[in-house]
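Below you'll find the structure, written out as structure tokens, and then a few comments.
The numbers here are math on the coordinates, done by the rules we state, and not lab data. This structure is a prediction, so every number in the text was calculated from the model and none was measured. Positions of Cβ are backbone-derived with ideal geometry, glycine not excepted, and every protein chain shown enters the neighbour counts.
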Amino acid sequence: MALLKEKVTHIHHWTDKTFSFKTTRNPGFRFKNGEFAMIGLEIEGKPLLRAYSVVSPNHEDHLEFLSIKVPNGPLTSKLQHIKENDEIVVNSKPTGTLVCDYLLPGRNLFLFSTGTGLAPFMSIVRDPETYEKFEKIILTHTVRKVNELAYKDLLDNLNSDDVYREVTKGQFIYFNTVTRETWEREGRITDWITNKKLWSKVNVPEFNPSHDRVMICGSESMTFDLKKIFEDMGSSEGSTKIQGGFVIEKAFAEKS
Ligand SMILES: Cc1cc2nc3c(=O)[nH]c(=O)nc-3n(C[C@H](O)[C@H](O)[C@H](O)COP(=O)(O)OP(=O)(O)OC[C@H]3O[C@@H](n4cnc5c(N)ncnc54)[C@H](O)[C@@H]3O)c2cc1C
């Protein structure tokens with residue numbers, strides 16, 4: 001396992017529960033948009049690594065990650081204190097199932113995320129190939145509180161962004177919901193899907209398993225519920241070995 005050392009160049013604390021950071025990128029570190037890598041810190045000469053989705057698209061010359069702050073978490077209790085010029089370690093072999101190639105060709109692409117499950121989709125929605133493969137890209141992000149909507153400004157303005165408007169060509173749709181505060185769009189995304197309000201709210205035809213494709217990244221209960229919903233609608237799960245109507249990744253492993 002080759003471990004690359006990268007220098008932290010920028011840190012942003014979104015809330016007391018999440019932060020993101022940018023690092024240098026070894027030109028030899030290659031990944032598909034949507035993949036995750038094992039990253040971490042070297043502590044007393046030993047690497048302490050955890051899986052992290054890459055937020056930055058693979059055409060950028062830096063890396064970016066979005067991180068939870070777990071109280072007493074072995075890695076994140078330390079990682080949340082990183083400063084510019086500190087070093088992190090990155091395993092050079094990224095992997096993962098949230099890759100457009102693992103989906104059957106289709107019309108619209110739905111990306112459903114909760115919490116830090118947004119991370120892999122940040123690279124996918126800035127990848128020109130995504131827009132060549134699909135007509136509309138609909139990204140949903142659900143969090144408990146409004147201030148947990150990381151990257152909201154960037155996503156709200158992606159279609160008019162100086163760089164990305166040429167990439168998205170107006171095909172990108174961002175839809176957030178909040179579960180524990182008053183907000184324009186409240187509630188769990190599963191409810192928005194099952195009561196069919198999502199399709200009209202984002203102004204796309206109702207989900208059709210023959211045409212539409214899905215990626216899911218969130219907590220265990222969210223991924224479980226959405227898998228069932230899309231299977232019941234007639235879609236089938238894809239993997240790195242066989243293309244499907246939807247692909248899933250848990251945003252983190254639950255405590256056993
Ligand atoms: C495929 C995959 C991709 C991942 N991508 C990311 C990512 O992009 N960003 C990220 O912050 N984490 C991500 N994680 C989780 C990450 O690997 C670590 O679990 C997290 O950084 C906490 O590490 P820790 O050592 O502090 O605590 P750990 O001992 O790893 O976790 C302790 C507990 O904290 C909770 N927890 C862990 N991660 C999260 C989270 N992201 N959101 C909510 N609760 C959590 C769980 O209950 C877990 O059992 C991913 C996990 C997997 C399996």
Quickly rank 114-125, 228-239, 199-210 as a protection proxy: mean count of other C-beta atoms within 10 Å, highest first.
-> 114-125, 228-239, 199-210
Net length gained if the chain between residue 133 and residue 220 were fully extended (0.36 nm per residue, minus Cα distance) | 28.5 nm
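Just list whichever of 7/255; 78/227; 228/250; 152/228; 32/197 have alpha carbons separated by over 23 Å in the model shown. It would help to have the intermediate numbers written out before the result.
Numbers: 7/255 30 Å; 78/227 34 Å; 228/250 15 Å; 152/228 28 Å; 32/197 33 Å.
Over 23 Å Cα-Cα: 7/255; 78/227; 152/228; 32/197.
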What nm distance separates the two modelled labels at residue 144 and residue 72, each placed 7 Å from Cα along Cα→Cβ?
-> 1.7
Helix 220-232 sits off the longest principal axis of the Cα atoms of the chain, rounded to the nearest 10 on a 0 to 90 degree scale, by 30
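Need one number for the stretch 3-91: average projected area of the convex hull over its C-alpha atoms, nm².
Numbers: hull surface 21.5 nm².
Averaged projected area of the stretch 3-91's Cα convex hull equals 5.4 nm².
For every helix of n ≥ 4 consecutive DSSP H residues, a contribution of -39,500 (n - 2.57) applies; sum these over the chain, divide by its total residues, and give [θ] at 222 nm rounded to the nearest 500 deg cm²/dmol. The partial results should precede the final answer.
Working: 8 runs with 49 residues, N = 256.
After summing the helix terms and dividing by the residues of the chain, the value is -4500 deg cm²/dmol.
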If amide H atoms are modeled at 1.01 Å from N in the peptide plane, then the residues at a separation of 5 or more from residue 41, or on another chain, having amide H under 5 Å from its own are 48, 89
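Quick check for me: using +1 on Lys/Arg Cβ and -1 on Asp/Glu Cβ, what's the dipole size of the stretch 3-91 about its Cα centre, in debye to the nearest 20? Could the numbers behind the result be given before it?
On the way: 12 positive and 11 negative charges, 34 e Å.
So the magnitude is around 160 debye.
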Using only alpha carbon positions, build the gyration tensor of the stretch 88-222, then give the equivalent ellipsoid semi-axes as the square roots of 5 times its eigenvalues, largest first, whole angstrom.
-> 21, 19, 17
Computed over the Cα atoms of the chain, what is the convex hull's projected area averaged over all directions, in nm²?
-> 13.8
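Please compute the length gained on full extension between residue 84 and residue 161, using 0.36 nm multiplied by the number of residues separating them and subtracting their Cα-Cα distance.
25.1 nm
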Within the stretch 62-164, which GluC sites (Glu not before Pro) sit in a loop by DSSP and count at most 14 neighbouring Cβ atoms inside 10 Å?
-> 84, 135
